[in-house]
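The values are calculated or read from the model by the stated rules, or taken from the named source; none is laboratory data. Just so it is clear, the structure is predicted and the values come from calculations on it, not from any experiment. Note: ideal-geometry Cβ built from the backbone for every residue, glycine included; neighbour counts use all protein chains shown. Please note that ligands, DNA and RNA were not included when accessible areas were found on the heavy atoms of the full protein model with its side chains. Shrake-Rupley method; radii C 1.70, N 1.55, O 1.52, S 1.80 Å.
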There are 2 protein chains.
Amino acid sequence: MSLGRMADHGGEWLGGTGPESDIVLSSRVRLARNLAGFPFVNRATNRQQLDILQQCREQVLQGNLADDMIWADLNDCDQLERQLLVERHLISRQHAKASDDLPRGVAVGANESVSIMVNEEDHLRIQVLRSGMQLTETFNQINQLDDALEQRLDFAYSKQYGYLTACPTNVGTGIRVSVMMHLPALKLTGEIDKVRRAAKDMHLAVRGMFGEGSDAIGDLYQISNQTTLGRGEQEILADFQHTVVPQIIAYEKQARQALIRQKPTLLDDKIWRAWATLTHARLLRTDEVLVLLSHLRLGVNLSRVDKISMRTINELFLMNQPAHLQKIVGTELDPVQRREARATLIRQRLAAL
Amino acid sequence: MSLGRMADHGGEWLGGTGPESDIVLSSRVRLARNLAGFPFVNRATNRQQLDILQQCREQVLQGNLADDMIWADLNDCDQLERQLLVERHLISRQHAKASDDLPRGVAVGANESVSIMVNEEDHLRIQVLRSGMQLTETFNQINQLDDALEQRLDFAYSKQYGYLTACPTNVGTGIRVSVMMHLPALKLTGEIDKVRRAAKDMHLAVRGMFGEGSDAIGDLYQISNQTTLGRGEQEILADFQHTVVPQIIAYEKQARQALIRQKPTLLDDKIWRAWATLTHARLLRTDEVLVLLSHLRLGVNLSRVDKISMRTINELFLMNQPAHLQKIVGTELDPVQRREARATLIRQRLAAL
């Protein structure tokens, strides 16, 4: 598996096979770890950064941590390849954008469900990403990874604080738990703001997967815990697993049923306009596609449109993005050319069904 | 032919068979006439208004002026029927809205190409409306009507001023010449404002067929002469026939060719989005439909879409309007119900092709 071949198909989490995957696209757990005996990345000398990279890379690749693990040296990647990794949620935006003086990379394996960034904000950022609502499985998998790595690497740990991390919000367990949720009905009924406020009261962060600030274009929301210090992993996870996520799922389901009962024509209007435009437009902008895909996804989930698989729609969310689009087309495109290529690609994918 | 059966199909001018009918939807000539020996409508007593109505009605119907002439007494029509006549350009908005104290009506014949309003601003407003660019034919036809009526009715005429009319802008020949033009390419290329300014310099009025003020929703423009005093009928007509309209037609054609050469994808995007939305939406507003029909009409004219006849599109422009929609559905609808009925009607009409 090389970076080049990544663009054309999605990772495991895109399959839409996990539990509750009509609403929960993916479950993600991330750990932050640092090597003992080295300063944090932003305090380390270039020599030390290189040492960290080499140690981590070696142990990650030799550790047999996940199937088909590949390594991408970000300093060897061009901008498009880095952007591709960002769009696939395998590396962070910061990791892609960092100065090329900083030696850094990422290991990806197990059908993209595992990624390990080296020399991001922390020496190691370990991520497991799975389809649907699978927080327990995801948590167990990342724990095994963590244990396996800890046998090979000496992590900075304080008896008082727990795992030490570059940013105080990660100190302790270093864990961040998040789910990516598709909440189109709560948006259409106008109840999404209530959910946002409730989440905020519970000290959770709600971010749009796409779009800046409070606008979640495509109705995709990433909901995550904000602080880790002073709280056990199990407690953080239990909150998510048993309270937060099931409640939001229930709200979204209620909103969907309410739409079907009270505004079926409005619902079908959104769904069929989306289908019509995606299968006929000759020029499409990223943001417009996100909105249309969101409505189409809702239509498929509610069985008001058939013929389209959840995987196809989830993949189009990914392929819609600039780096994916250019990788698939095989050439760099300016924004105007991209609009045309995007429309062509989407028409072809949806027509081929 | 009754008013009730009108809604479901269009008049002669909708056929799209006249010359240049890809750009000129219709040619219209209108004459204003008043009976000698009576005050103008707004100065007449109710008794006099009734006398005028009876005289005009009798002579218009007995004069054998046009095939299948029918009479509609506006005081007997309900609001929906009056609105229907307005939407078909058979009576003016003022004529529909006038107080019910004013006895008034309209005679319609020859497949709706002839209409004669009685007791609008003037005692008689005679209109001939034909498909495409047919100003000469339209002018000849209205002249015959005028002559025939003048043999039966005594028109107020001054040797100094010509025909006397309630508003000074109509005094003289009392003639107003207009064409309804579809100018989507000039709108897309942004050149429509130049045409507007040029028309204004030539003392022509440019109005949107739909939409208030300067916005011509659906890219349909009615271009007409503004004053008649001091200018002969032939001169007014020649201006239109040989200078104004051919020039605008040439501009629009150039703009269409420029779009095909320079922005074919933008053009097809507009056309196919319009087709897709009109054939899939479940809720449609009047204004949105006008915009979409305009782009679809352009697509048909440029042979980028087939299967749709010009008559179907022209008729949809008409049926899209509230009174037509309600007449076709056969029941009164609130604005929300109309959106759904409009979408259903349009889907059916376009699917039946």
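Have a look at the range A:85-150 and give its Rg and Dmax from the Cα atoms, expressed in angstrom.
12.5, 39
To the nearest 10 square angstrom, what accessible area does A:Cys77 show with a 1.4 Å probe?
The accessible area comes out at roughly 10 Å².
What translational diffusion coefficient, to the nearest whole µm²/s, does the range B:126-173 have by Stokes-Einstein, given a Kirkwood radius computed over alpha-carbon pairs, a temperature of 37 °C and 0.692 mPa s viscosity?
My calculation gives 269 µm²/s for D.
Quick check: the angle from helix B:264-280's long axis to the longest principal axis of chain B, C-alpha only, nearest 10 degrees?
For helix B:264-280, the angle is close to 70 degrees.
Through the Karplus equation 6.51 cos²θ - 1.76 cosθ + 1.60, θ set to phi - 60°, convert the phi angles of the range A:132-140 into ³J(HN,Hα) values in whole Hz; use x for Gly and Pro.
Those phi angles translate into x, 8, 9, 5, 4, 4, 5, 5, 4 Hz.
In whole angstrom, how far apart do the alpha carbon centroids of the range A:109-137 and the range B:276-353 sit?
About 51 Å separates the Cα centre of the range A:109-137 from the one of the range B:276-353.
Nearest 0.05, what FRET efficiency do A:Arg93 and A:Gln234 give at R0 = 22 Å with Cβ-Cβ as r?
Numbers: r = 30 Å, r/R0 = 1.37.
The value I calculate is 0.15.
Which residues in the range A:146-162 place their backbone N less than 19 Å from a point set 7 Å from the Cα of A:Glu58 along the Cα-to-Cβ direction?
Once the point is set 7 Å along Cα→Cβ of A:Glu58, A:148-156 turn out to lie under 19 Å by backbone N, inside the range A:146-162.
Mind grabbing the accessible area of A:Met69 for me, 1.4 Å probe, Å², rounded to tens?
Surface accessible to solvent at A:Met69 totals approximately 40 Å².
Put B:Asp201, B:Asp51 in order of accessible area, largest first, 1.4 Å probe: what do you get? Please list the in-between numbers first.
Values: B:Asp201 125, B:Asp51 55 Å².
Highest to lowest solvent-accessible surface, that is B:Asp201, B:Asp51.
P(r) for the range A:3-251: what percent of alpha-carbon pairs falls in each 10 Å bin, starting at zero?
For the range A:3-251, the pair-distance distribution reads 7, 31, 37, 20, 4, 0.
Above 38 Å lies some portion of the pair distances; for the protein assembly as shown, what is it as a whole percent of all C-alpha pairs? Show your work: numbers first, answer last.
Details: 130315 of 248865 pairs.
Pairs farther apart than 38 Å: 52 percent.
For B:Gln254, which inter-copy label distances result when the label point lies 7 Å beyond Cα on the Cα-to-Cβ vector, reported in nm to one decimal and in ascending order?
Here B:Gln254 shows inter-copy label distances of 6.3 nm.
Using the Karplus equation 6.51 cos²θ - 1.76 cosθ + 1.60 (θ = phi - 60°), what ³J(HN,Hα) coupling, rounded to whole Hz, does each residue of the range B:36-46 give in order, writing x for Gly and Pro?
Couplings: 5, x, 10, x, 4, 3, 6, 9, 7, 6, 4 Hz.
Sorting B:Tyr157, A:Tyr251 by accessible area (1.4 Å probe), largest first, what list results?
Numbers: B:Tyr157 130, A:Tyr251 100 Å².
From most accessible down to least: B:Tyr157, A:Tyr251.
How far is B:Gly190 from itself in the other copies, in nm, if each label sits 7 Å out from Cα along the Cα-Cβ line, shortest first?
3.8
Using R₀ = 51 Å, calculate the FRET efficiency as 1/(1 + (r/R₀)^6) where r is the Cβ-Cβ separation of A:Lys159 and A:Ile260; round to 0.05. Mind dumping the intermediate values first?
Numbers: r = 55 Å, r/R0 = 1.08.
After rounding, the FRET efficiency stands at 0.40.
How far, in whole Å, is the nearest Cβ of chain A from the axis relating it by rotation to chain B, and which residue carries it?
A:Ala276, 2
From the gyration tensor of the Cα coordinates in the range A:226-321, what semi-axes in whole Å does the equivalent ellipsoid have, largest first, with each one equal to sqrt(5λ)?
Numbers: eigenvalues 205, 74, 23 Å².
Those come to 32, 19, 11 Å.
Tell me, in nm to one decimal, what length is gained between A:His203 and A:Gln48 on full extension, where the rule is 0.36 nm per residue of separation less the Cα-Cα distance?
Values: separation 155, 0.36 × 155 = 55.80 nm, distance 3.61 nm.
In short, 52.2 nm is gained.
Could you please state how large a percent of the accessible area of the range A:110-163 is carbon and sulfur, counting protein chains only and using a 1.4 Å probe? Please list the in-between numbers first.
Numbers: 830 of 2130 Å².
That share works out to 39 percent.
Where the accessible area of the range A:259-353 is counted over protein heavy atoms with a 1.4 Å probe, how much of it, in %, is carbon and sulfur? Please list the in-between numbers first.
Values: 1850 of 3920 Å².
Exposed carbon and sulfur together represent 47 percent of the surface.
Based on the Cβ-Cβ distance of B:Ser303 and B:Ile70, what FRET efficiency does E = 1/(1 + (r/R0)^6) give at R0 = 41 Å, to the nearest 0.05?
Values: r = 38 Å, r/R0 = 0.93.
That gives a FRET efficiency of 0.60.
Provide a list, ordered by number, of residues in the range B:280-314 showing at least 10 Å² less accessible area with every protein chain present than when their chain is taken on its own, using a 1.4 Å probe.
Those are B:His280, B:Ala281, B:Arg282, B:Leu283, B:Glu288, which lose 10 Å² or more relative to the chain on its own.
Rounded to whole Hz and in sequence order, give me ³J(HN,Hα) for the range B:52-69 from the Karplus expression 6.51 cos²θ - 1.76 cosθ + 1.60, θ = phi - 60°, writing x for Gly and Pro.
Residue by residue, the range B:52-69 yields 4, 4, 5, 4, 5, 4, 4, 5, 5, 6, 7, x, 6, 6, 8, 5, 6, 5 Hz.
Considering only protein heavy atoms, what is the solvent-accessible area of B:Glu81 at a probe of 1.4 Å, reported in Å² to the nearest 10?
Counting only protein heavy atoms, the figure is 40 Å².
Check B:Phe210: other-chain or 5+ apart residues with amide H under 5 Å from its amide H, H built from backbone geometry?
Those lying under 5 Å, H to H, from B:Phe210 are B:Ile217, B:Leu220.
Excluding B:Ala205 itself, calculate the net charge of residues whose Cβ lies under 12 Å from the Cβ of B:Ala205, where each Lys or Arg counts +1 and each Asp or Glu counts -1.
Numbers: positive: B:Arg176, B:Arg196, B:Lys200, B:Arg207; negative: none.
Result for the neighbourhood of B:Ala205: +4.
Measuring from a point 7 Å out along Cα→Cβ, what nm distances, shortest first, does B:Glu332 have to its partners in the other copies?
Going from nearest to farthest copy, the values are 6.5 nm.
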